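I have placed the structure first, in the form of structure tokens, so that the comments after it can refer back to it.
The values are calculated or read from the model by the stated rules, or taken from the named source; none is laboratory data. The structure displayed is predicted, hence computed values, not measured ones. So basically every Cβ, Gly included, is an ideal-geometry build from the backbone, and we count neighbours across all protein chains shown.
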Ligand SMILES: Cc1cc2nc3c(=O)[nH]c(=O)nc-3n(C[C@H](O)[C@H](O)[C@H](O)COP(=O)(O)OP(=O)(O)OC[C@H]3O[C@@H](n4cnc5c(N)ncnc54)[C@H](O)[C@@H]3O)c2cc1C
Ligand code: FES
């Protein structure tokens, strides 16, 4: 038996965690609040991660996959995830009742460089499931409001029913220490009280000091090009424009090679990349 100081925890060994709450955010995306069962690790794990990092979540004999942490380390105690039902693991996760167990490894990935964002204006643009990692950063920034300049949050969805965290954003819109603008492509309900149209239309509300702004976009890849064009029009430098990129992953920690693009491991060097990275690393996007 090795002396305790030489023992390293096995990073492949997951922590058992309990689903304490779950509810539907949209017709195919479900919100999960999960608590690590080992009381000694709860606080450490849920307060020592960066917005933009992800956990590998598994169910034995079913599978394992990466999911962005949507909660913020500034509110420790629980991990929160929003999960879209797409395949084997996520279908099984949707079948689990509250109080069931899942297994978690992580946190993994580089996360957003929060320390480089301090003192800057923040501009967030979310679409679809991209709201999951962005919510973590937004709540973190709001919980540490004094550290940042102006904050703008722009969020687009296909319809009101497809907008993740709709009610939460309705409440956040009432705050007067940041600007939250919501839009939908179309409104079959006929009662949507806010704007309609693509998310780039919301840029007309944005007033930031471009050179001193950190901009983040998360959403379907198709929207990145148009959103980045708007960031550049505002004069935001390439290395202050951040985006999350997804690749198939297995180990989550730079060992298996599954997620390699060029000379980068998406699981370790990402999933957050700058526009500078995207322009200089072939095949990243
Ligand atoms: C860093 C990171 C963060 C993620 N965060 C979230 C999150 O917060 N919420 C969420 O719902 N999902 C997230 N995902 C995606 C999630 O990991 C996959 O959807 C996962 O494969 C689902 O497992 P499954 O067994 O249910 O589906 P599978 O059976 O693995 O796959 C179902 C379908 O999705 C396709 N697919 C799976 N993964 C990818 C991928 N990375 N790129 C393109 N196509 C893919 C498969 O080809 C297949 O058609 C994230 C992925 C990464 C890499
Ligand atoms: S997932 Fe194994 S190296 Fe990235």
Next item on the list: Enumerate the strands (runs of 3 or more DSSP E) found wholly within the range 72-127, keeping only those where 2 or more residues are under 30 Å from residue 225 (Cα atoms), touching a helix residue (DSSP H, G or I) at 6+ places or on another chain (Cβ under 7 Å) and in the same structural domain as residue 210 (by TED's automatic domain parsing).
Entry: 121-127
Next item on the list: Among residues belonging to the range 269-285 that are in contact (Cβ under 8 Å) with a residue 40 or more places away in the chain and under 21 Å from residue 70 (Cβ atoms), point out the one that is farthest from ligand 2 (Cβ to nearest atom).
Entry: 272
Next item on the list: From (1) assigned to a loop (DSSP other than H, G, I, E, B); (2) exposed (fewer than 15 other Cβ atoms within 10 Å of the Cβ), pick out the condition that doesn't hold for residue 279.
Entry: (1)
Next item on the list: Quickly run through the range 53-68 and pick out the residues that are over 13 Å from residue 246 (Cα atoms) and either under 19 Å from the mean Cα position of the chain (by Cα) or crowded, with 17+ Cβ neighbours inside 10 Å (or both).
Entry: 55, 56, 57, 58, 59, 64
Next item on the list: Provide a single number: the residues in the range 216-229 that are touching a residue at least 40 places away in the same chain (Cβ under 8 Å) and either buried (at least 22 other Cβ atoms within 10 Å of the Cβ) or assigned to a helix (DSSP H, G or I) (or both).
Entry: 9
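Residue-wise test of (1) near ligand 1 (Cβ under 8 Å from one of its atoms); (2) buried (at least 20 other Cβ atoms within 10 Å of the Cβ); (3) at pLDDT below 95.
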{"position": "48", "(1), (2), (3)": "no, no, yes"}
{"position": "96", "(1), (2), (3)": "no, no, no"}
{"position": "118", "(1), (2), (3)": "no, no, no"}
{"position": "132", "(1), (2), (3)": "yes, yes, yes"}
{"position": "141", "(1), (2), (3)": "no, yes, no"}
Note to self: I need the full set of residues from the range 53-83 which are within 16 Å of ligand 2 (Cβ to nearest atom) and closer than 10 Å to residue 136 by Cα, in order please.
What the structure shows: 53, 68
Notebook entry, point to check: Do we find a residue being within 20 Å of the chain's Cα centre (by Cα), away from ligand 1 (no atom under 16 Å from the Cβ) and at pLDDT 95 or above anywhere in the range 241-260?
Noted result: yes
Margin query: Being in contact with a helix residue (DSSP H, G or I) (Cβ under 8 Å, 6 or more places away or on another chain) and more than 16 Å from ligand 1 (Cβ to nearest atom): is that true of residue 216 here?
Written below: no
Notebook entry, point to check: Of these, 172, 182, which one is at pLDDT 95 or above and more than 16 Å from ligand 1 (Cβ to nearest atom)?
Noted result: 182
Checklist line | Conditions (1) farther than 29 Å from residue 178 by Cβ; (2) within 16 Å of ligand 2 (Cβ to nearest atom); (3) crowded, with 22+ Cβ neighbours inside 10 Å: number failed by residue 89 | finding: (3)
Notebook entry, point to check: Could you list, in sequence order, the residues of the range 174-206 that are without any contact (Cβ under 8 Å) to a residue 12 or more places away in the chain and either under 21 Å from residue 23 (Cβ atoms) or touching a strand residue (DSSP E or B) at 6+ places or on another chain (Cβ under 6 Å) (or both)?
Noted result: none
Check: What do you reckon, is residue 145 within 15 Å of ligand 1 (Cβ to nearest atom) and at pLDDT 95 or above?
Finding: no
